[in-house]
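Each remark here refers to the structure printed beneath this line.
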Amino acid sequence: MNTVVATVPAGVWSFVAVFDSGNGDLYVPNYDSSDVTVISGATNSVVATVPVGTEPWGATFDSSNGDVYVADAFANDISVISGATNSVVATVPVGTEPLTPVYDSANGDVYVANGASSNVSVISAATNAVVATVPVGSGPQVPAYDSGNGNVYVANFDSSNVSVISGMTNTVVATVPVGSGPEAPAFDSGNGDVFVANTFSGNVSVVSGATNTVVATAHVGTRPISPAYDGANGDLYVANSESSNLSVVSGTTDKVVATVPVGTYPGTPTYDSGNGELYVPNFETNNVSAISGATNSLIATIPVGAGPMTPAYDTRNGELYISDYNGNEVTVVTGGTTVVFAETGLARGTSWSAVFDGTLASSTSTTVNFTVLPGNYSYQLAPVANYTVSPSGGASNVGAASYLILVTFTSTVVTTYKVTIEETGLPAGTNWSAVFGGIEESTGGSALTFSVSEGTYAYQVLPTAGYAASPSAGTATVSGNYLIVVAYSSSLPTTQVSVVGYSEGFTVAIAVAAVALGFGVAAVLLARRSRPPSESSP
């Protein structure tokens, strides 16, 4: 992918395009011809040219009413173009030299920074009238809307600070000192922070959306400009306009994790959610650098027209629209859509493969990826020895958004475990038996072993003459090697002598008489031994 699929003529000095997700069209302000070129995303052809005010600078789409708001920089007004009719339905006077507006999806207002009058005009999308004018710092830049706290962040280029405007009250609730020459901020929806590139300081100030204070400063290249946020990996991508590279700032650590060489005088990147790549316009080398969001490396350099501006991403067709400022045209690039097969069930490091639209790809990790144009495709999973797979194949309708196919492998190899029944209490060499899962084993030793697969089994210890076993039976749930200990005890009756029918006193008397008799016998024997022998004795 990453190829040019169309070149569309536009007006003179085409500025950054904006995508209208309501009708699927692209709106391109033409700075020197004071009009807006409307390009159909379905056909990549011009469907309208709309006259606006003098020197239109930038535009934004309002999803609440379907209109496009165009800042007419030297007419000091905003032209409102209906997305339904592609005609101007309102002209709203604002401050001096308005810049690209920003839409606040929470309150439905549009915020316009007026670069030369040091204020922000707030336009109601319901009435297309200014409802507030908010004083800010000197040289305000394009604002950023923070959907986490509902505030609007305005970088003031000449006063080196950021004005925080409450979307609820349309008043400044904080002024945050940052570096020198701050550019338009970028909101990180992953951590709720706002990233501000400071042109002359060569760094990025990280402003907490919770406290409206600077919580980190990341050092980047020379003359950085407005960052772009990658929603897949949570990183921020900052183009360094005079060092011809891109700094990647981690949204987790607020530190630079990669520096990627690009073309000369790079502009603000655009994130392509369909394939997870970043596209950097290089104004002086007339090309666009494609950066992988997965590896933070350059994967393609795409030649375009003269003086490319920040691309607009069309979420319907997955294409990027690059206004060529000096070429008076728009170059359309397809980055393609990433199709991801994600598996579970395979042993780590097992090689597996998928075929998508006739193309084979293999992996020893948990994913296999393809990049394709939107459309209908068939796929199959290659067999893996000793596993079954579900699904083994199918069809998919791929759009502009990345496409995920979940695959489950199930092992066909039965794992067996050792079950040991160990006895205590039997005299050595005594033969005994047990039945486990329907299998009977006997031994004259102290243990019996069985080999079984995972499951629940009944067992019984068979009778052994003269002994009782505990436990004599039960069930065992086996998911690994398993031990059952059986204790034997003698079951023979104990022999006892008793005199029946006599009282306790009589019994005691018998015992005393027996003792006395014993003493008498002993005395006689002693007397006989002490008497001298008879003369008549032989």
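Which percent of the Cα-Cα distances in the chain go past 29 Å?
Values: 94944 of 144453 pairs.
Cα-Cα pairs in the chain separated by more than 29 Å: 66 percent.
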Margin query: As an exercise, use a Förster radius of 35 Å and the Cβ-Cβ distance of Thr350 and Thr456 to find the FRET efficiency, rounded to the nearest 0.05.
Written below: 0.75
Next item on the list: Rounding to the nearest 20 debye, state how big the charge dipole of the chain is about its Cα centre with +1 on each Lys and Arg Cβ and -1 on each Asp and Glu Cβ.
Entry: 3000
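Which FRET efficiency value, to the nearest 0.05, is calculated for Phe74 and Thr264 with the Förster distance at 30 angstrom and r the Cβ-Cβ distance? Display every interim value, and only then the final one.
Working: r = 29 Å, r/R0 = 0.96.
It comes out at approximately 0.55.
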Checklist line | Listed peptides 189-201, 83-95 by packing density, highest first (mean Cβ within 10 Å) | finding: 189-201, 83-95
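Can you compute the helix-only [θ] at 222 nm over the chain? Use -39500 (n - 2.57) per DSSP H run of at least 4 residues, normalise by all residues, nearest 500 deg cm²/dmol.
Numbers: 1 runs with 27 residues, N = 538.
About -2000 deg cm²/dmol.
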Next item on the list: Relative to the longest principal axis of the C-alpha atoms of the chain, give the angle of the C-alpha long axis of helix 504-530, reported between 0 and 90° and rounded to the nearest 10°.
Entry: 60
Notebook entry, point to check: Which ordering of Arg223, Arg348, Arg316 is given by a fewest-first count of other beta-carbon atoms within 10 Å?
Noted result: Arg348, Arg316, Arg223
Notebook entry, point to check: Hey, what do the phi angles of segment 437-451 turn into as Karplus ³J(HN,Hα) couplings, whole Hz, using 6.51/-1.76/1.60 and θ = phi - 60°, x for Gly and Pro?
Noted result: x, x, 10, 9, 10, 10, 7, x, x, 9, 8, 10, 10, 10, 10
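Please give the peptides 265-272, 159-166, 340-347 ranked by average Cβ packing (other Cβ atoms within 10 Å per residue), highest first, as a rough proxy for protection. Let's see the in-between values first.
Working: 265-272: 24.4, 159-166: 22.1, 340-347: 16.1.
Top of the packing list down: 265-272, 159-166, 340-347.
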Check: Non-local amide H neighbours of Glu319 (under 5 Å, H modeled in plane, Pro and chain starts lacking H): which ones?
Finding: Asp314
Next item on the list: Using only alpha carbon pairs under 8 Å that are at least six residues apart, calculate the relative contact order of segment 318-387 and give it in whole percent.
Entry: 29
Checklist line | Residues Ile322, Ile81, Ile484, sorted so that the one with the fewest Cβ neighbours within 10 Å comes first | finding: Ile484, Ile81, Ile322
Check: If one computes the Cα centroid of segment 419-433 and of segment 15-79, what distance in Å separates the two points?
Finding: 89
Next item on the list: Find which of Phe436, Leu448, Ser363 sits farthest along the positive direction of the dipole of the chain, computed with +1 on the beta-carbon of Lys and Arg, -1 on that of Asp and Glu, about the Cα centre.
Entry: Leu448
Check: Taking the alpha-carbon set of segment 338-411, what are its Rg and Dmax in Å?
Finding: 11.8, 36
Notebook entry, point to check: Around Ala48, which amide H atoms from residues at least 5 apart in sequence, or from another chain, sit under 5 Å from its own amide H, with H modelled in the peptide plane?
Noted result: Val38
Margin query: Sequence gap at least 6, Cα distance under 8 Å: using those rules, report the relative contact order of segment 195-295 to the nearest whole percent.
Written below: 18
Notebook entry, point to check: In terms of modelled amide H atoms, which long-range or inter-chain residues lie less than 5 Å from the amide H of Asp193?
Noted result: Asp188, Gly209
Notebook entry, point to check: With contacts defined as alpha carbon pairs under 8 Å and 6 or more residues apart, what's the relative contact order of the chain in percent?
Noted result: 8
Checklist line | Label-point gap, in nm, between Thr388 and Ser489 - each point 7 angstrom along Cα→Cβ | finding: 5.0
Margin query: At a 10 Å Cβ-Cβ cut-off, how would you order Leu373, Leu320, Leu236, fewest neighbours first?
Written below: Leu373, Leu236, Leu320
Checklist line | Label-point separation in nm, Thr420 to Thr127, each point 7 Å along Cα→Cβ | finding: 8.5
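Read the figures in this text as sums done on the coordinates, not as results from a lab. Keep in mind that what you see is a predicted model, and the values were worked out from it rather than measured. Quick reminder, even Gly has a Cβ in these numbers, built from the backbone with ideal geometry, and neighbours come from all protein chains shown.
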